[in-house]
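So the structure is just underneath, and the comments pick up after that.
The values are calculated or read from the model by the stated rules, or taken from the named source; none is laboratory data. Here the structure is a predicted model, which is why all the values come from computation and not from measurement. We place every Cβ from the backbone using ideal geometry, glycine too, and count neighbours over all the protein chains shown.
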Amino acid sequence: MSNEAVLHAHSDVATHDAHGDHSHEHHHHETFITKYVFSQDHKMIAKQFLITGMVWAVLGGLMSVLFRLQLGYPDATFPWLESILGKWAKGGHITPEAYYALVTTHGTVLVFFVLTAGLSGTFANFLIPLQIGARDMASPFMNMLSYWFFFAASIVMLSSMFVETGPFSGGWTAYPPLSALGDASPGSKTGMDLWIVSMALFVVSSLLGGLNYIATVLNMRTKGMSMTRLPLTIWALFFTAVLGVLSFPVLLSGFILLIFDRNFGTSFYLSDIFVNGVGALPNEGGSAILFQHLFWFLGHPEVYIILLPAMGMVSEILSVNSRKPIFGYMAMVGSLFAIAILAFLVWAHHMFVTGLNPFLGSVFVLLTLLIAVPSAIKVFNWLTTLWRGNIRFTPGMLFAIGFVSLFISGGLTGIWLGNSALDIHLHDSYFVVAHFHIVMGVASMFGMFAGIYHWFPKMYGRYMNNTLAYMHFWITIAGAYLIFWPMHYQGLAGMPRRYYDFSIWESFKQFQDLNRFISLVAMIVFAAQFFFLFNFFYSIFKGRKLTNLNPWEANTLEWTTPIHPGHGNWVGEIPEVHRWAYDYGKDGKDFIQQTTPVGADESHH
Amino acid sequence: MSTTTTATTPKLWSGGKSPFNVEYGKLMMWYFLMSDAFTFGAFLISYGTIRFSTNGWPDPNVVFKSFPFAPEGMNAPLVFVSIMTFILIISSVTMVLAVKAGQNMDKKAVTTNLIWTIIGGIAFLSCQAWEWNHLHHEGAWWGMNPFLNADGSASSTNFTNYFFTITGFHGFHVFSGVIINIVMLIMTLMDKFEQRGHYLMIEKAGLYWHFVDLVWVFVFTCFYLI
């Protein structure tokens, strides 16, 4: 049977038939529901991911402000807290249970809902079809399901905050036995059940999305768009999807075993446990460390699921705004690939102090430190892209440069933490908090902001306000360093993470003023995000209108679509691609779009 | 930098077509199966880890020795599970025949073979239901393990915990496969594939079905043979 016939057999909006001129048939009637709610248009789904992610970012950020309030002012009372948190802040003082619940939910929400769904969900959906030259994702329907599973996960997570015993409070890593025994803490009761259900829904969402991204990138590139002509954003989003598809199922297995331990009397993770007020438990033979292996087999790739999309977008934005080709394109692709492989081989560096065999530990040290190689290649390539560039300091560019800065600062401390010997001192301290917030949390947020500022004109056909954006950038970058830099010193001094009140510890009392300073800056930075939020929503309706197709004078395909692309993206035929995405400053021309045929007298690159 | 590909390079990856010459659904199915393999892999590796860190384990020849309607006390180690496995493998064969018939646009043969595959799947699930029920009557369940270790010492409940969880998870996959095959059968009978001009959906369902059979080979090995 001819596969070719099959390939073109059922062409609809998401046709593989890149060169059919079907687009004029696509102005089917759309209602509010099909256009804005159950939309199958990748651009709308991207916006849904983005705005849901932004809601979660505000909630998750607010949680951090609340627990920073406790850390900065452990003795003060805030009566207004009781009026919003009720019994969780009796007498205007956050209770320990509430504190742990806030820390846990902050972590879960930021890692999964904001920096996974909000980041790769948004930009994979938005950029993949636009930049590879496809009318939509391979399966728009599955794409829609992916968002709605994420939405369902969000609702379940949100509802867990309103149950009587509170949301889960055992840390975002959900280590058993705390997560496996309802008697272990209030948050381990209904809150934990809802947490697992929410995360399981999230895994489904991520799987549906990831399969779609992979199939779309491999199968639906327009004519001439070979893999080595793809913009680096697409390469990064592609590897992100592969990481997600291969690591989330392992987390799902771990969660299924956890559900059985919680509800059906099994002992997968439990052995020899005594609970205060309950007594000795009958469970024996299980291993709590087993969960950590399963969790971190996802957990470490997850770090790169968060980071790679930011890296890809930053590469693109740096190149466009330096008016120079990205330095070392193939090295960039190669290092993305190396990072994706190594991501699966380093999970036990989160477990150096669990009693892991030191020999095994040394293997993981080696593999972990190997990641420094592709990371350094990327950093040097970004710097050399900037080098002698004709830099345009757009807000997107500033955030992209900020990303590089944060990635260097946070990456260097990763070399410390990757050593199993140093880790004995540093693990579970504020040094770790500082490290991962800078390198993965804030850096990826910067990547996300860069992406939003850069592609906002494509999303909404209007510009965001630059003045507000510059204020947003400078307060956020200064704040990020002011918050997390001092934490390195606290961590080196042995200050442990997740403690409720340091003022009662003789060794950590000295940091009281520093803690207050950090809390203060955290509140200012949180407040500064409203510059962005206001800017974003105001500009959707009232921003300066776009008048030309290609506001940044970029080469990639998304800027060849109309200012307000319909479902199907291009009117008429999908353009053919003749060159890579980075012909900036070539042969005296400022930029040459990918759709421009190679001229006869063009120099080779 | 090889960004300007010349006309002499193979055109498979140059865009405008699928480099593997498959439509996206099949590509997705392959990636989904890879993902699912990691789920089962995680389960089986967990099982291996716990088993080898535990002193002693029940002997499968002793645990799985019963047969439906057999006289009391009959010793038939692994006979029943061998029949289950045989049924599942045969259902894979009929699935291959259905896929092959689909490629030849032979609706009648597709229908027959799909029906046989569905019967095989249901037969396997029935066998599993009987076995679970039988073990449950012997006192085995999640958190309960009546069997002794091979050396006669008391055994950890993780023997039954893992057995029911992993065979259950596999059974759930078989169940989903049967549902998918029933949908395929209905679509075949409604001439959906004839109208489309190809039976590609059957091929995708076939991939899933073979995968589930392959997983059983590993589950079978881990729980009944080792």
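B:TRP13 - would you say it is out of contact with any Cys (no Cβ under 8 Å at 6 or more places or on another chain), surrounded by 15 or more Cβ atoms within 10 Å (Cβ to Cβ) and closer than 30 Å to A:GLU573 by Cα? Judged against the criteria, B:TRP13 is a match. Only one of the numbered conditions (1) of a type in the set (D, E, K, R); (2) modelled with pLDDT of 85 or more; (3) part of a loop (DSSP other than H, G, I, E, B) is violated by B:LYS26, and that is (3). Filter the range B:90-110 down to the residues that are surrounded by 15 or more Cβ atoms within 10 Å (Cβ to Cβ) and more than 17 Å from B:LYS204 (Cβ to Cβ), then identify the one that is nearest to the chain's Cα centre (by Cα). Per the stated criteria, the residue is B:ILE90. Taking the range A:475-521 as the range and being touching a residue at least 40 places away in the same chain (Cβ under 8 Å), closer than 16 Å to A:LEU71 by Cβ and among the aliphatic types (A, V, I, L, M) as the test, the residues that pass are A:ILE483, A:MET487, A:MET495, A:ILE518, A:LEU520, A:VAL521. Considering the range A:561-605, and only residues there that are in contact (Cβ under 8 Å) with a residue 24 or more places away in the chain and outside any loop (DSSP other than H, G, I, E, B), the residue that is surrounded by the most Cβ atoms within 10 Å (Cβ to Cβ) turns out to be A:TYR584. Regarding the range A:524-543, can at least one residue be identified that is of a type in the set (Val, Ile, Thr), in contact with a Phe, Trp or Tyr (Cβ under 9 Å, 6 or more places away or on another chain), assigned to a helix (DSSP H, G or I) and surrounded by fewer than 21 Cβ atoms within 10 Å (Cβ to Cβ)? Yes - at least one qualifying residue is present in the range A:524-543. State whether the residues of the range B:175-183 include one that is at pLDDT 95 or above, of a type outside the set (A, V, I, L, M, F, W, C) and surrounded by 15 or more Cβ atoms within 10 Å (Cβ to Cβ). Yes, some residue in the range B:175-183 is at pLDDT 95 or above, of a type outside the set (A, V, I, L, M, F, W, C) and surrounded by 15 or more Cβ atoms within 10 Å (Cβ to Cβ). For the range A:214-241, the candidate set comprises residues that are hydrophobic (A, V, I, L, M, F, W, C) and facing chain B (nearest Cβ under 8 Å); within that set, the residue that is surrounded by the most Cβ atoms within 10 Å (Cβ to Cβ) is A:MET225.
Yes or no, residue by residue, for (1) of a type in the set (A, V, I, L, M, F, W, C); (2) within 14 Å of chain B (Cβ to nearest Cβ); (3) surrounded by 24 or more Cβ atoms within 10 Å (Cβ to Cβ):
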residue: A:LEU102; (1), (2), (3): yes, no, yes
residue: A:HIS106; (1), (2), (3): no, no, no
residue: A:PHE112; (1), (2), (3): yes, no, yes
residue: A:LEU127; (1), (2), (3): yes, no, yes
residue: A:GLY133; (1), (2), (3): no, yes, yes
residue: A:ASP136; (1), (2), (3): no, yes, yes
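For the range B:140-158, the set of residues classified as within 9 Å of chain A (Cβ to nearest Cβ) and not polar (S, T, N, Q) consists of B:TRP141, B:TRP142, B:GLY143, B:MET144, listed by residue number.
Checking the range B:166-179 against the condition returns no match, with no residue being within 14 Å of chain A (Cβ to nearest Cβ) and part of a loop (DSSP other than H, G, I, E, B). If you go through the range B:29-55 and keep only what is assigned to a loop (DSSP other than H, G, I, E, B) and among the β-branched types (Val, Ile, Thr), you end up with just B:THR54. Answer yes or no: is there a residue in the range A:589-597 that is charged (D, E, K, R), on the phi > 0 side of the Ramachandran plot and modelled with pLDDT under 95. The answer is no, given that none of the residues of the range A:589-597 is charged (D, E, K, R), on the phi > 0 side of the Ramachandran plot and modelled with pLDDT under 95. Whether any residue in the range A:246-265 is surrounded by fewer than 24 Cβ atoms within 10 Å (Cβ to Cβ), of a type outside the set (Ser, Thr, Tyr), within 12 Å of chain B (Cβ to nearest Cβ) and within 30 Å of B:GLY15 (Cα to Cα) is what I want to check. Yes, some residue in the range A:246-265 is surrounded by fewer than 24 Cβ atoms within 10 Å (Cβ to Cβ), of a type outside the set (Ser, Thr, Tyr), within 12 Å of chain B (Cβ to nearest Cβ) and within 30 Å of B:GLY15 (Cα to Cα).
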